[in-house]
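What follows is a single structure, written as structure tokens, with notes after it.
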Amino acid sequence: MYAVIKTGGKQHKVQPGDVLEVEYLHGAGETITFRPLLVVDDEGRTHVGKELERAVVTATPLGERKGDKVRIFKYKNKTGYARRAGHRQLLTLVRIEDVSLGARGRKAAEPEEAAGPTEPTEPPEAQEGTQVEAPAEAPAEAAEQPAGS
């Protein structure tokens with residue numbers, strides 16, 4: 001099972017056990033959760049969009065460090081203008097622990113029972129928890145009056 005997460009303006013394909021460097025996460029505690037997810041592949045079944053409302057990736061932080069130095073140099077010819085700067089991005093090292101589809105998504109991903117006796121199902125109108133109402137008819141008085149009065 002793998003997932004595509006979005007963090008720090010970048011997208012990462014992750015699966016349980018992966019160690020990943022992401023941009024610094026402020027207040028990273030015992031666990032980190034990434035959501036919303038962009039794509040989840042559960043043993044060949046790909047889930048996207050509304051199927052991922054409850055999906056979550058959990059990770060544990062392993063540490064923090066600074067990235068490699070990026071050197072910036074600005075120069076303009078014949079004017080004596082030259083500027084030097086550098087930047088080191090703060091990074092958080094995380095280990096992906098779990099990719100979960102949540103209650104609804106996991107239920108849909110379970111294989112169905114094969115070769116078992118099937119019970120007859122009731123039509124959708126008669127199932128419990130659903131109410132089907134007949135369309136209301138307009139009163140006879142309203143039907144006789146012209147629309148402009």
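The values are calculated or read from the model by the stated rules, or taken from the named source; none is laboratory data. Given the structure is predicted, the values throughout are model-derived calculations rather than measurements. As a convention, Cβ positions derive from the backbone with ideal geometry for all residues, glycine included, and neighbour counts pool all protein chains shown.
If you take the residues in the stretch 52-71 that are of a type in the set (A, V, I, L, M, F, W, C) and surrounded by 12 or more Cβ atoms within 10 Å (Cβ to Cβ), which one is farthest from ALA3 (Cα to Cα)? Spell out the reasoning first.
Step one: filter the stretch 52-71 for residues of a type in the set (A, V, I, L, M, F, W, C), giving 52, 55-57, 59, 62, 70.
Then drop every residue that is not surrounded by 12 or more Cβ atoms within 10 Å (Cβ to Cβ), which leaves 52, 55-57, 59, 62.
On the way: LEU52: 10, ALA55: 10, VAL56: 9, VAL57: 8, ALA59: 13, LEU62: 20 Å.
Of everything passing the filter in the stretch 52-71, LEU62 is farthest from ALA3 (Cα to Cα).
Per-residue answers, yes or no, for (1) in contact with a Leu (Cβ under 6 Å, 6 or more places away or on another chain); (2) within 20 Å of GLY102 (Cβ to Cβ):
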site: VAL4; (1), (2): yes, yes
site: GLU21; (1), (2): yes, no
site: PHE34; (1), (2): no, yes
site: GLY49; (1), (2): no, yes
site: THR58; (1), (2): no, yes
site: ARG83; (1), (2): no, no
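Within the bounds of the stretch 92-106, is there any residue that is assigned to a loop (DSSP other than H, G, I, E, B), closer than 18 Å to THR33 by Cα, aliphatic (A, V, I, L, M) and modelled with pLDDT of 90 or more?
Filtering the stretch 92-106 down to residues assigned to a loop (DSSP other than H, G, I, E, B) leaves 101.
Keeping just the survivors that are closer than 18 Å to THR33 by Cα gives 101.
Filter once more, keeping what is aliphatic (A, V, I, L, M): 101.
Imposing the further condition that a residue be modelled with pLDDT of 90 or more reduces the set to none.
Checking the stretch 92-106: not a single residue is assigned to a loop (DSSP other than H, G, I, E, B), closer than 18 Å to THR33 by Cα, aliphatic (A, V, I, L, M) and modelled with pLDDT of 90 or more.
Name every residue in the stretch 1-39 that is of a type in the set (A, V, I, L, M, F, W, C) and touching a Gly at 6+ places or on another chain (Cβ under 7 Å), in order of residue number. I'd like the intermediate steps shown before the answer.
Pass one, the stretch 1-39, residues of a type in the set (A, V, I, L, M, F, W, C): 1, 3-5, 14, 19-20, 22, 25, 28, 32, 34, 37-39.
Hit for the stretch 1-39 is VAL22, nothing else.
Would you check which residues across the stretch 39-51 are surrounded by 14 or more Cβ atoms within 10 Å (Cβ to Cβ) and either free of Cβ contacts under 8 Å to residues at least 12 places away in the same chain or not in a strand (DSSP E or B) (or both) and list them? First the steps, then the outcome.
Taking the stretch 39-51 as the starting set, the residues that turn out to be surrounded by 14 or more Cβ atoms within 10 Å (Cβ to Cβ) are 39-42, 47, 51.
Once the filter is applied, which keeps residues that are surrounded by 14 or more Cβ atoms within 10 Å (Cβ to Cβ) and either free of Cβ contacts under 8 Å to residues at least 12 places away in the same chain or not in a strand (DSSP E or B) (or both), the stretch 39-51 yields only GLU51.
Just one of LYS10, LYS74, LYS78, LYS6 is exposed (fewer than 10 other Cβ atoms within 10 Å of the Cβ), under 16 Å from the mean Cα position of the chain (by Cα) and among the basic types (Lys, Arg); which is it? Working first, answer last.
Numbers: LYS74 fails: under 16 Å from the mean Cα position of the chain (by Cα); LYS78 fails: under 16 Å from the mean Cα position of the chain (by Cα); LYS6 fails: exposed (fewer than 10 other Cβ atoms within 10 Å of the Cβ).
Every option except LYS10 fails the conditions.
On the basis of being in contact (Cβ under 8 Å) with a residue 24 or more places away in the chain and either surrounded by fewer than 13 Cβ atoms within 10 Å (Cβ to Cβ) or hydroxyl-bearing (Ser, Thr, Tyr) (or both), does THR31 make the cut? Can you show your working first?
Details: in contact (Cβ under 8 Å) with a residue 24 or more places away in the chain: yes; either surrounded by fewer than 13 Cβ atoms within 10 Å (Cβ to Cβ) or hydroxyl-bearing (Ser, Thr, Tyr) (or both): yes.
For THR31, the condition - in contact (Cβ under 8 Å) with a residue 24 or more places away in the chain and either surrounded by fewer than 13 Cβ atoms within 10 Å (Cβ to Cβ) or hydroxyl-bearing (Ser, Thr, Tyr) (or both) - is met.
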